[in-house]
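Undergrad: I have a structure here, written as structure tokens, and I will follow up with some questions on it.
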Amino acid sequence: MADRTGVPRRKPVPQPQQPLSETWAKDLTQQFRRTLSTKRMNELSSRSNSQRRSNPRAPADYFVDSQQPPPLPPRYGHDASAAAPPMPSRHASFQPPPHPLVPQSSQQHPMSPPPSYAASLRNLPISPTPPTDSKALRFRSMLLSLSSTPLKWENPGLLDEALAAIPLQRIYDEAQEESDLFTAEAASLGPDKKPAWGYQDCVVRALMKWFKRDFFEWVNNPKCAVCRAPTIAQGMAAPLPDESARGASRVELYQCSSQYCMAYERFPRYNDAFVLLQTKRGRVGEWANCFTMLCRAVGSRTRWVWNSEDHVWTEVYSVHRKRWVHVDCCEGAWDAPMLYTNGWKKNLAYCIAFSADGCADVTRRYVQSASRSAPRIKCPEPVLLHILAEIRALRRKDMDKQEKFRLMAEDMREDEEFRRYIIEGLAFAVSRILPGGKGEGESAGVSRSGDVDAQKIREEAERERRRLARGWGARDEMRDPTRDSEGR
């Protein structure tokens, strides 16, 4: 109905046939908000379709609750028995009412249903979670037990006893000579160049060479104590009282291979580093235990690294480099963390470093390629974070605030170092995919295939051999003063 000007008249508001409920306005408001929310989510979904073409990492789904709104009471001017029109579903696309000035053909825009938010929750920071299942609790107990190993090396009296077993003057002379070489090499490269290693680093390097060459003995099958013939393994035996008192947790039993002797030889596996100063023999566990204690005795901060693939080694903190340095006294390796994955072609799962002031998961230092990463199935990653944080809090609870802040800053620098390793690994993997990159079996200019670490070890061994040759010649001349300048 319209007047003479053509403007439609507004219909009078009909009177309600029955009174409305008290919650009618509230229900209508909630229904309007849900409808508006559905419209906005559909608009975001249509935008994400265009964004995903240019950004594949954009979240693909959104989550919208599918709860149906409550039915409304009868409206003005309608019969209560009449069925109310159905409200739009949460998953149904919102269709706006037709506009009188817009053609119907331009108003038909098919909208996709709102997806879920599940995909957008990936790669969120891991929150530490306490262990609950039996497997994770066993792993926690084992790590807590291993974390007490470095505490045995903090006894001042026993460290003085360890210093008495080290030829300090010889170690310090060799360290000073090598430190001077690093300083001269840096000076030759320019005035702003820093030496590769500091004096304390050279002390640990000299200590490692003496420990491997002159002090400790590697034992697979111990020789017979009676006839010095090789022995054959016979299994395990219970430790004797004196062996248990000295810290032997287990004893290996061997028998002489000579038919005229057939004597038995016991090989106790001692865990006490100060007992190993007297026995001076063992395998990887004994080597790393005793050497790490000696590094602590000469004043270096040390970490004892446990590996789930049955290997242990040492890390020494370099004040000169402001980072932890890998040291394997069994292999004579210094700062060669890729020795195990790229040199030995070994897959590693867990590498946990323990010290007197905390612990850390240092697996990323030694596994920088996904192909060399073994499955980590001891416990979930949030549980491991909780266990390591628990051990750190236990070791640092009696420290003053300044010392705690210093250790926290050190942990942050190490974590930044680990992230840099990941970025370098990804960059190297991408460089091998790009045109002109090296293939899988080829070696790049600065390859991460272990050749760099192996070459570094060979160069250090050759440098050490030449230095020893010069030293032996000088000592021979000092022992025989009757020889002339021509050696006669």
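The values are calculated or read from the model by the stated rules, or taken from the named source; none is laboratory data. Only a predicted model underlies this, so the values are computations on that prediction, with no experimental measurement involved. Cβ sites come from the backbone with ideal geometry, for glycine too, and all protein chains shown count toward neighbours. Heavy atoms of the whole protein, side chains included, go into the accessibility calculation; ligands, DNA and RNA do not. Shrake-Rupley method; radii C 1.70, N 1.55, O 1.52, S 1.80 Å.
Undergrad: Within region 264-279, can you find the residues that are open to solvent by 40 Å² or more (accessible area, probe 1.4 Å) and more than 33 Å from the chain's Cα centre (by Cα)?
TA: Selection gives Y264, R266, Q278, T279.
Undergrad: So which of R395, R413, R419 is in contact with a helix residue (DSSP H, G or I) (Cβ under 9 Å, 6 or more places away or on another chain), touching a residue at least 12 places away in the same chain (Cβ under 8 Å), of a type in the set (D, E, K, R) and under 18 Å from W324 (Cβ atoms)?
TA: Answer to the check: R395.
For every residue, the table says whether it meets (1) open to solvent by less than 40 Å² (accessible area, probe 1.4 Å); (2) more than 28 Å from G198 (Cα to Cα); (3) at pLDDT 95 or above.
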residue	(1), (2), (3)
T302	yes, no, yes
E309	no, yes, no
D328	yes, no, yes
V367	yes, no, no
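Undergrad: For F139, which of the numbered conditions (1) without any contact (Cβ under 8 Å) to a residue 12 or more places away in the chain; (2) within 30 Å of I377 (Cα to Cα); (3) not polar (S, T, N, Q) fails to hold?
TA: (1)
Undergrad: Considering only residues of region 386-410 that are under 12 Å from R140 (Cβ atoms) and touching a strand residue (DSSP E or B) at 6+ places or on another chain (Cβ under 8 Å), which is surrounded by the fewest Cβ atoms within 10 Å (Cβ to Cβ)?
TA: Ranking the qualifying residues of region 386-410, first place goes to L388.
Undergrad: Evaluate region 431-438: report whether one residue or more is exposed (fewer than 15 other Cβ atoms within 10 Å of the Cβ), hydrophobic (A, V, I, L, M, F, W, C), part of a helix (DSSP H, G or I) and free of Cβ contacts under 8 Å to residues at least 60 places away in the same chain.
TA: Scanning region 431-438 turns up at least one residue that is exposed (fewer than 15 other Cβ atoms within 10 Å of the Cβ), hydrophobic (A, V, I, L, M, F, W, C), part of a helix (DSSP H, G or I) and free of Cβ contacts under 8 Å to residues at least 60 places away in the same chain.
Undergrad: Does region 330-343 hold any residues that are touching a residue at least 60 places away in the same chain (Cβ under 8 Å), part of a loop (DSSP other than H, G, I, E, B) and either open to solvent by 10 Å² or more (accessible area, probe 1.4 Å) or under 24 Å from K378 (Cα atoms) (or both), and which are they?
TA: Within region 330-343, C330, E331, G332, D335, T341, N342, G343 qualify.
Undergrad: If I filter region 311-326 down to residues being surrounded by 24 or more Cβ atoms within 10 Å (Cβ to Cβ) and in contact (Cβ under 8 Å) with a residue 60 or more places away in the chain, which single residue comes out as farthest from K193 (Cα to Cα)?
TA: V316
Undergrad: If S127 satisfies every condition in (1) hydroxyl-bearing (S, T, Y); (2) in contact (Cβ under 8 Å) with a residue 12 or more places away in the chain; (3) within 20 Å of L276 (Cα to Cα) but one, which is the exception?
TA: For S127, the exception is condition (3).
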